[in-house]
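Undergrad: Got a structure for you, questions after.
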Amino acid sequence: MAESKRYISQTELENHKKPGDLWISIQGKIYDVTEWSREHPGGALPLLNLAGQDATDAFVAYHPGLAWQYLDKFFTGYYLKDYSVSEVSKDFRKLAAEFSKMGLFEKKEHGTGILLCIIALLFSISVYGVLCSNSASVHLLSGALLGFSWIQSGWIGHDSGHYQVMSSRKFNRVAQILTGNCLAGISIGWWKWNHNAHHIACNSLEFDPDLQHMPIFAVSSKLFSSLTSYFYERKMNFDPIARFLVSYQHWTFYPVMCFARINLFAQSFLFLFSKRKVPNRGQEILGILVYWTWFPLLVSCLPNWGERLMFVVASFSVTGIQHVQFCLNHFSSSVYVGPPSGNNWFEKQTDGTLDIVCSSWMDWFHGGLQFQIEHHLFPRLPRCHLRKVSPFVQELCKKHNLQYDTASFWMANVMTIETLRSAALQARILSNPIPKNLVWEAVNTHG
């Protein structure tokens, strides 16, 4: 006689969503991932954010088919009572399975090797311009070219954090350290930790670090309630300083983006020298030290402090283009308060994301971010296939009457500034409350 299945309710499952006690549901089967969270390649945070609920769609999005065979060792023996799958999720999983059958997740045709050669060429020209020319104009151009090389290295860092861009995991790691830590001075470990949290909790004001820029920026007046960042584990205080800075954020946005990489430097250092578990910490720190050796030396080779400052500002400002691009896809989209939900994975990803309309010959400029909706739904999909799958995603959204927002690069900038301006004006209203009318004052006058 077959053993009868044991079931737990959704309420009981929700009791297991704290550090040291993490259970998740995948296709109705309950798994205890408490111990695995310490070894999980994507870090513990995604498991903590999705614990106590069904995480099937997120699992499908982030893991290859081979990962399913390892689930059994985490099976608790319990099944989720009254487990059901929405029509949206059914279609999403079918689409993911179809892409897998087509081999799209394995065909990486975007030429990482060629891109590495381009980065090396840009870097070499920049160094040559500094060392072999006395012209200030050449030095300015050299700084700009270095900035462009950082942008392209950023795309490799982004892609290699989602899937293997090289022929082996070892070479993939070498590419990450070289292009991220050594060339750009940014920890690839920090990037993966931050970026995985962003993908899981897309546009959650409390859980998505990419929207937590207080006191400099606030994309929604909901942040004026001094929400808690569960990523940074601190309160995002909306104090007088934050109110003042946010009040002018639509004017300061582009200037801040020109120097946004300074924040990435700081975040990398805080991450690498924190008490948290950092895989390959030694490699990461060594790579960062390489950057902070060659870059200051290169700048010091310029003839005077004026040109040195010009070189740094030019390189940082050009790279600011990429920082703007990261903001365009999410700042003007829908936001929410609270933890991410696995039950409406597809809907949350499409609601909080904006695609950029552009011609195929401009794909190099956007690095795959122009198909941000597709990327968020299928993060393991190489960017060379994102344009190909876009019609399928649009069709699915249309079928279920879901948002599929697009805008040109120019209009996305306009929408972002309008979002910041709207929040800025609300911040000003809070700092300058509207005077009460004369009747109110007469009624409430004392003495």
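The values are calculated or read from the model by the stated rules, or taken from the named source; none is laboratory data. Just so you know, these numbers come straight off a predicted model, no measurement behind them. Because the Cβ atoms are built from the backbone with ideal geometry, glycine has one as well, and the counts that use them run over all protein chains shown. Ligands, DNA and RNA are excluded from the accessible area calculation, which covers all protein heavy atoms including side chains. Shrake-Rupley method; radii C 1.70, N 1.55, O 1.52, S 1.80 Å.
Undergrad: Taking the condition of being surrounded by fewer than 19 Cβ atoms within 10 Å (Cβ to Cβ) and within 20 Å of residue 88 (Cβ to Cβ), how many residues in the stretch 381-392 meet it?
TA: 3
Undergrad: Right, something else. Go through the stretch 192-246 and count every residue that is among the charged types (D, E, K, R), in a helix (DSSP H, G or I) and either under 26 Å from residue 343 (Cβ atoms) or open to solvent by less than 10 Å² (accessible area, probe 1.4 Å) (or both).
TA: Qualifying residue count, the stretch 192-246: 3.
Undergrad: Is it the case, given these coordinates, that residue 366 is open to solvent by less than 50 Å² (accessible area, probe 1.4 Å) and in contact (Cβ under 8 Å) with a residue 60 or more places away in the chain?
TA: no
Undergrad: If you go through the stretch 345-354 one residue at a time, do you hit one that is touching a residue at least 12 places away in the same chain (Cβ under 8 Å), open to solvent by 10 Å² or more (accessible area, probe 1.4 Å) and polar (S, T, N, Q)?
TA: So far as the stretch 345-354 goes, no, none of its residues is touching a residue at least 12 places away in the same chain (Cβ under 8 Å), open to solvent by 10 Å² or more (accessible area, probe 1.4 Å) and polar (S, T, N, Q).
Undergrad: Looking only at the stretch 271-285, which residues are free of Cβ contacts under 8 Å to residues at least 40 places away in the same chain and either part of a helix (DSSP H, G or I) or under 19 Å from residue 133 (Cβ atoms) (or both)?
TA: If the condition is that a residue be free of Cβ contacts under 8 Å to residues at least 40 places away in the same chain and either part of a helix (DSSP H, G or I) or under 19 Å from residue 133 (Cβ atoms) (or both), then 282, 285 are the ones that fit.
Undergrad: For the stretch 1-30, name all the residues that are among the basic types (Lys, Arg) and under 27 Å from the mean Cα position of the chain (by Cα).
TA: The answer is 17, 18.
Undergrad: Of all residues in the stretch 113-133, which are open to solvent by 50 Å² or more (accessible area, probe 1.4 Å), free of Cβ contacts under 8 Å to residues at least 40 places away in the same chain and touching a Leu at 6+ places or on another chain (Cβ under 8 Å)?
TA: If the condition is that a residue be open to solvent by 50 Å² or more (accessible area, probe 1.4 Å), free of Cβ contacts under 8 Å to residues at least 40 places away in the same chain and touching a Leu at 6+ places or on another chain (Cβ under 8 Å), then 125 is the only one that fits.
Undergrad: Does residue 90 satisfy the criteria of being of a type outside the set (A, V, I, L, M, F, W, C) and open to solvent by 90 Å² or more (accessible area, probe 1.4 Å)?
TA: For residue 90, the condition - of a type outside the set (A, V, I, L, M, F, W, C) and open to solvent by 90 Å² or more (accessible area, probe 1.4 Å) - is not met.
So that you can scan it fast, the table gives a plain yes or no per residue for (1) open to solvent by 100 Å² or more (accessible area, probe 1.4 Å); (2) assigned by the TED database to the domain that holds residue 42; (3) at pLDDT 95 or above; (4) touching a Leu at 6+ places or on another chain (Cβ under 6 Å):
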site	(1), (2), (3), (4)
394	no, no, yes, no
402	no, no, no, no
406	no, no, yes, no
417	no, no, yes, no
436	yes, no, no, no
439	yes, no, no, no
442	no, no, no, no
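Undergrad: Within the stretch 262-285, can one find any residue that is in contact with a strand residue (DSSP E or B) (Cβ under 7 Å, 6 or more places away or on another chain) and open to solvent by 40 Å² or more (accessible area, probe 1.4 Å)?
TA: Scanning the stretch 262-285, I find no residue that is in contact with a strand residue (DSSP E or B) (Cβ under 7 Å, 6 or more places away or on another chain) and open to solvent by 40 Å² or more (accessible area, probe 1.4 Å), so the answer is no.
Undergrad: Of all residues being small (Gly, Ala, Ser) and more than 19 Å from the chain's Cα centre (by Cα) in the stretch 209-232, which is nearest to residue 335 (Cα to Cα)? Just the residue, please.
TA: 221
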